[in-house]
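The values are calculated or read from the model by the stated rules, or taken from the named source; none is laboratory data. Remember, predicted model here, so these are calculated numbers, not experimental data. Here the Cβ positions follow ideal geometry from the backbone for every residue, glycine too, while neighbour counts run over all protein chains shown. Note: areas computed on protein heavy atoms with side chains; ligands, DNA, RNA excluded. Shrake-Rupley method; radii C 1.70, N 1.55, O 1.52, S 1.80 Å.
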Amino acid sequence: MPRTFYRIVKTNPPTVEDFLSNQAKGRPMHRGIHPGMLRLWDGLSMYATEDQAANKAAQSPMLGSVVAELVIPPSASIRIEQTTRDRGHFTLWGEPEEMLRCVTRVRPVLRTLPQR
């Protein structure tokens, strides 16, 4: 059965660049990160629901302003694991091109201005 996940991306439509891990982008790991975090640095953060991804994007605009829906078929060579303390957070590992092919739709994140 296919599984659906939501990824915060920077471009609409998404590109392969939106599905590169921090390691693939050559970003250094932060100092003081637990060695077990290395595997997360090599994967992609995704969320179980569109609202979870949109809320995270609204909290952290530097991540991107678009949420991409991915439907991962059982035949995909993409590894999926629920990670971190957030029950809705998942890390996926696989080829960026394959993940891009799994995108079924995208939507911009609506940012609300703080109430005064």
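Would you mind working out the magnitude of the charge dipole of the chain relative to its Cα centre, with +1 at each Lys and Arg C-beta and -1 at each Asp and Glu C-beta, to the nearest 20 Debye?
Taking the Cα centre of the chain as origin, the dipole is about 420 debye.
Provide the per-residue ³J(HN,Hα) series for the range 85-97, in order, calculated from phi with Karplus coefficients 6.51, -1.76, 1.60 and θ = phi - 60°, each as a whole number of Hz, with x at glycine and proline positions.
Result, rounded to whole Hz: 6, 6, 4, x, 9, 10, 10, 10, 10, x, 6, x, 5.
Provide the per-residue ³J(HN,Hα) series for the range 55-69, in order, calculated from phi with Karplus coefficients 6.51, -1.76, 1.60 and θ = phi - 60°, each as a whole number of Hz, with x at glycine and proline positions.
Values per residue, Gly and Pro as x: 5, 5, 5, 5, 6, 10, x, 5, 6, x, 10, 9, 10, 9, 8 Hz.
From the mean inverse distance of alpha carbon pairs (Kirkwood) and the Cα radius of gyration, derive Rg over Rh for the chain.
0.96
Which value in Å is the Kirkwood Rh of the range 36-101 over different Cα pairs?
Details: mean 1/r = 0.0786 Å⁻¹.
Radius from the Kirkwood sum: 12.7 Å.
Mind ranking ASP51, ASP86 by accessible surface for me, highest first, 1.4 Å probe?
Solvent-accessible surface, decreasing: ASP51, ASP86.
Under 5 Å between amide hydrogens, which residues at least 5 positions from THR83 or on another chain qualify, with H placed 1.01 Å from N in the peptide plane?
HIS89, PHE90, THR91
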